[in-house]
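> Okay, handing you the structure first.
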Amino acid sequence: MARRRSAAGSGARSMRGEMPGGRSQRQLRVGEELRHILSEILLRGHFRDPDLISGASAITVTEVRVSPDLRNATAFVMPLGGEDATKTIAALNRAQAYIRTEAAQRINLRLAPSFSFKLDESFDEAERVERLLRSPQVQADLRKADSEQDQPEDGSETE
C-alpha cells in the first residue's frame with residue numbers, strides 16, 4: 001500500500017526546523033561541533049597507526065554530515081602536504097573507534113556517533129568548474145550573450 005503525504009506534511013517540515021538542504025538545524029550544529037572536535041583530535045595526533053602518526057596534523061576536516069538520528073557521521077577530509085589520500089582515509093577509518101571515544105569525551109550527546117571518513121572532492125570539482133569557465137568556448141559564449149543583451153529586442157535605439 002502506498003503512503004500518502006498529507007498537505008500538512010510539507011508544512012510540518014519547516015516547523016521541525018529543517019533547512020532547505022534537508023538537514024535540520026540540530027544536524028548542522030552537531031556536525032559543526034564534531035568538525036571542530038575532529039580537527040582538535042587530528043591536531044593532537046595521538047595515534048598508533050603509522051599512516052597517521054606522521055601526517056595527522058596535516059589533515060583538514062572540511063565538513064561533517066550527521067544522520068538525522070545523530071548516530072552516524074560522515075567526515076569529509078582533505079590531506080595536505082602531498083599525503084596519499086587513499087592511505088590516509090583508510091587509516092582514519094581504521095582509527096574510527098579511537099576517534100569516537102575521544103569525541104565522546106568532548107561532546108554533550110547521549111551517544112557518540114560512529115564516524116566514516118571520505119575524501120572531500122569539492123576542491124577538485126571547484127577547480128574543474130573554474131577551468132571550464134576560463135575556457136575559450138565559454139568565454140566566447142559569454143561575450144555573445146553580453147552583446148545580445150546590450151541590443152534592444154525591437155531593434156530601436158535606447159537612450
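The values are calculated or read from the model by the stated rules, or taken from the named source; none is laboratory data. Because the structure is a prediction, the values reported are computed rather than measured. Glycine gets a Cβ as well: all are built from the backbone with ideal geometry, and neighbour counts include every protein chain shown.
> State which residue pairs qualify: first residue assigned by TED's automatic domain parsing to the domain that holds Ala58 and inside the stretch 68-85, second residue part of a loop (DSSP other than H, G, I, E, B) and at pLDDT 90 or above in any location, beta carbons under 8 Å apart, and separation of 6 or more residues or different chains.
Leu70/Pro113; Arg71/Pro113; Asn72/Pro113; Ala73/Ser67; Ala73/Pro113
> Mind listing whichever residues of the stretch 38-74 are of a type in the set (A, V, I, L, M, F, W, C), assigned to a helix (DSSP H, G or I) and over 16 Å from the mean Cα position of the chain (by Cα)?
Ile41, Leu42, Leu43, Leu52, Ile53, Ala56, Ala58
Every residue, every condition in (1) within 15 Å of Leu80 (Cα to Cα); (2) at pLDDT 90 or above, yes or no:
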| site | (1), (2) |
| --- | --- |
| Gly22 | no, no |
| Asp49 | no, no |
| Gly55 | yes, no |
| Val66 | no, yes |
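> Are any residues in the stretch 83-93 farther than 17 Å from Glu121 by Cβ and surrounded by fewer than 15 Cβ atoms within 10 Å (Cβ to Cβ), and if so, which ones?
Those that are farther than 17 Å from Glu121 by Cβ and surrounded by fewer than 15 Cβ atoms within 10 Å (Cβ to Cβ): none in the stretch 83-93.
> On to the next question. Among the residues in the stretch 105-119, are any part of a helix (DSSP H, G or I) and at pLDDT below 80?
No.
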